[in-house]
Amino acid sequence: MAGAIIENMSTRKLCIVGGILLVFQVIAFLVGGLIAPSPTTAVPYMSVKCIDVRKNHHKTKWLMPWGPNHCKKLKDFDEAVSRQIEANDIVFAVHIPLPSKEMSPWFQFMLFIMQLDIAFKMDNDLKENAEITLDVSLAYRDNMFDDWEEIAHAIEIRKLKCTFGSPKTVESEGRHYDCDFLPFMEIGSVAHKYYLINIRLPVNDRKGINVGIGEIKDIRLVGIHQNGGFTKVWFAMKTFLTPSILIIMVWYWRRITLMTRAPVLLEKVIFALGISMTFINIPVEWFSIGFDWTWMLLFGDIRQGIFYAMLLSFWIIFCGEHMMDQNERNRLSGYWKQVGPIAVGSFCLFIFDMCERGVQLKNPFYSIWTTEVGTELAMAFIIVAGICLCLYFLFLCFMVFQVFRNISGKQSSLPAMSKARRLHYEGLIFRFKFLMLITLACAAMTVIFFIVSQVTEGHWKWGDITIQVNSAFFTGIYGMWNLYVFALMFLYAPSHKNYGDDQSNGDLGVNSGEELQLTTTITHVDGPTEVYKLARKEAQE
């Protein structure tokens with residue numbers, strides 16, 4: 001009777017905890033949907049054609065498209081021909097941001113893509129597999145009257161992928177090609193108020209540089225940066241969640257250290273998952289408001305990679321520790337086949353990120369996708385990571401199937417037990433299935449909200465209420481995985497409450513009493529739990 005009462009109390013506590021977490025989950029989605037603006041903003045820029053007749057083009061002078069010291073402009077290339085201005089003397093200038101605006105550190109990053117307006121001309125047709133060479137420079141200043149300071153200068157090559165929807169005849173001259181966007185630049189911080197981009201298209205007939213690229217009319221850029229309002233909401237969430245996870249981590253590990261036994265593998269993995277979640281949560285981004293830390297994007301990718309690798313490893317070990325196999329349990333080496341693909345896939349994605357964003361720390365115009373070798377290398381890393389991910393999910397599905405089959409087999413022994421013991425074991429099995437259901441729900445919500453955020457217009461409007469879907473996706477999913485880790489450590493912390501001491505009817509059969517907790521792994525103060533003993537006995541039989 002005592003065991004049944006305690007088990008019912010535990011189930012009620014589980015429902016209460018689940019309800020509280022659900023409330024916080026809804027709040028996380030509402031914070032992004034109702035308070036935060038859209039995560040990013042895209043701003044189109046049209047370059048201005050400037051005349052530069054100096055010999056050493058890129059060493060001293062910066063050409064401004066507008067303002068008191070603006071450059072001498074060209075209306076179009078017909079004017080350049082009539083004035084006998086060569087292509088090497090033309091500079092495409094773009095000022096960031098637009099007039100009467102300022103950039104802010106709250107924007108966090110800048111990503112630019114390029115679109116070329118190329119007109120068809122019979123005597124200057126676009127060759128197949130043409131490549132365009134860009135001589136690009138980037139500068140900054142924090143005052144409209146300061147001199148420009150160079151950030152980067154590079155000569156980059158981009159492949160042109162264009163189609164022409166009309167017959168290439170004289171009548172079609174002047175019509176524009178339909179060209180794909182080109183990756184142009186990415187910077188991991190926005191530490192200055194004003195930026196200036198100068199783009200040159202050097203022509204060298206002897207070396208074949210910028211020959212056969214058609215008649216370029218204009219260069220357009222699209223700048224994408226994070227919204228300052230979303231950044232503030234994001235930082236606030238991180239600042240709130242960091243102490244929350246830290247407190248539960250300290251409480252969880254303290255409960256483990258109070259045990260007379262050493263921590264078991266599952267407990268260590270849950271604690272490691274909490275550490276990786278805390279690593280993501282720590283709001284070091286606050287420092288990016290005052291410091292020019294261009295490596296923050298790369299650092300963020302590494303933090304997320306560590307967490308997801310730890311999460312995938314936890315799922316494997318969690319299932320394995322519930323398979324009740326005496327020979328393989330509680331040893332990390334027993335999971336090398338399942339954890340191996342996670343390590344290989346994570347390493348491949350890390351190398352890919354270092355080859356892309358790592359190089360961009362020195363050259364923001366670099367893109368690994370612009371060369372044949374770079375594209376093949378990037379695809380190789382991504383394919384290997386994808387294969388590892390597929391192998392992982394095959395292992396995981398097989399292990400989940402084995403666990404449920406194992407549990408179903410163990411349930412056949414429950415009717416022979418006393419009521420108190422049976423209720424206790426049924427509670428353990430129910431909680432395992434409950435956590436599996438929550439895990440699947442979290443994974444499904446992540447996928448569903450990602451798809452919805454991609455296919456919708458970015459916001460839903462209900463009457464006077466506007467819900468930012470993309471912002472709700474970011475804050476909601478981020479909050480969800482924090483709550484998931486919080487729930488794991490709360491529900492799987494060892495309990496020091498005993499019940500049934502010296503039961504006269506022998507319902508429990510453990511003189512020192514048995515712990516009440518949500519794991520079927522080794523959890524008793526002095527040895528394995530009754531569930532584990534039961535599994536071991538049946539395995540031996």
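The values are calculated or read from the model by the stated rules, or taken from the named source; none is laboratory data. As the structure is a prediction and not an experimental result, all values here were calculated from the model. We place every Cβ from the backbone using ideal geometry, glycine too, and count neighbours over all the protein chains shown. Keep in mind that these areas ignore ligands, DNA and RNA; they rest on the heavy atoms of the full protein, side chains included. Shrake-Rupley method; radii C 1.70, N 1.55, O 1.52, S 1.80 Å.
Among the residues of region 362-396 satisfying the criterion of being in contact (Cβ under 8 Å) with a residue 60 or more places away in the chain and in a helix (DSSP H, G or I), which is nearest to Val344 (Cα to Cα)?
Within region 362-396, the match that is nearest to Val344 (Cα to Cα) is Tyr392.
Among the residues of region 22-57 satisfying the criterion of being surrounded by fewer than 18 Cβ atoms within 10 Å (Cβ to Cβ) and over 30 Å from Gly228 (Cβ atoms), which is modelled with the highest pLDDT?
The selected residue is Ile51.
In this structure, does Arg254 turn out to be farther than 30 Å from Trp148 by Cα and modelled with pLDDT under 95?
yes
For residues that are of a type in the set (Val, Ile, Thr) and out of contact with any Phe, Trp or Tyr (no Cβ under 7 Å at 6 or more places or on another chain), scanning just region 357-387, find the one that is surrounded by the fewest Cβ atoms within 10 Å (Cβ to Cβ).
The extreme case among them is Val373.
Looking for something more than 30 Å from Ser288 (Cα to Cα) and in contact (Cβ under 8 Å) with a residue 40 or more places away in the chain - is there at least one such residue anywhere in region 147-158?
Within region 147-158, one or more residues are more than 30 Å from Ser288 (Cα to Cα) and in contact (Cβ under 8 Å) with a residue 40 or more places away in the chain.
Specify the residue that is farthest from Leu361 (Cα to Cα); the eligible residues are those in region 175-226 that are in a strand (DSSP E or B), of a type in the set (Val, Ile, Thr) and out of contact with any helix residue (DSSP H, G or I) (no Cβ under 9 Å at 6 or more places or on another chain).
Ranking the candidates gives Ile213 first.
Test Lys168 against the stated conditions and say whether it is open to solvent by 50 Å² or more (accessible area, probe 1.4 Å), charged (D, E, K, R) and closer than 21 Å to Trp295 by Cα.
no
Evaluate the following for Thr60: is it open to solvent by 30 Å² or more (accessible area, probe 1.4 Å), modelled with pLDDT under 85 and either assigned by the TED database to the domain that holds Phe235 or part of a helix (DSSP H, G or I) (or both)?
Judged against the criteria, Thr60 is not a match.
One line per residue, one yes/no per condition, for (1) open to solvent by 80 Å² or more (accessible area, probe 1.4 Å); (2) modelled with pLDDT of 65 or more; (3) aliphatic (A, V, I, L, M); (4) not in a loop (DSSP other than H, G, I, E, B):
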site	(1), (2), (3), (4)
Met436	no, yes, yes, yes
Thr439	no, yes, no, yes
Ile451	yes, yes, yes, yes
Ile467	no, yes, yes, yes
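Any idea which residue in region 273-295 is surrounded by the fewest Cβ atoms within 10 Å (Cβ to Cβ), counting only those that are among the small types (Gly, Ala, Ser) and touching a residue at least 40 places away in the same chain (Cβ under 8 Å)?
Gly290
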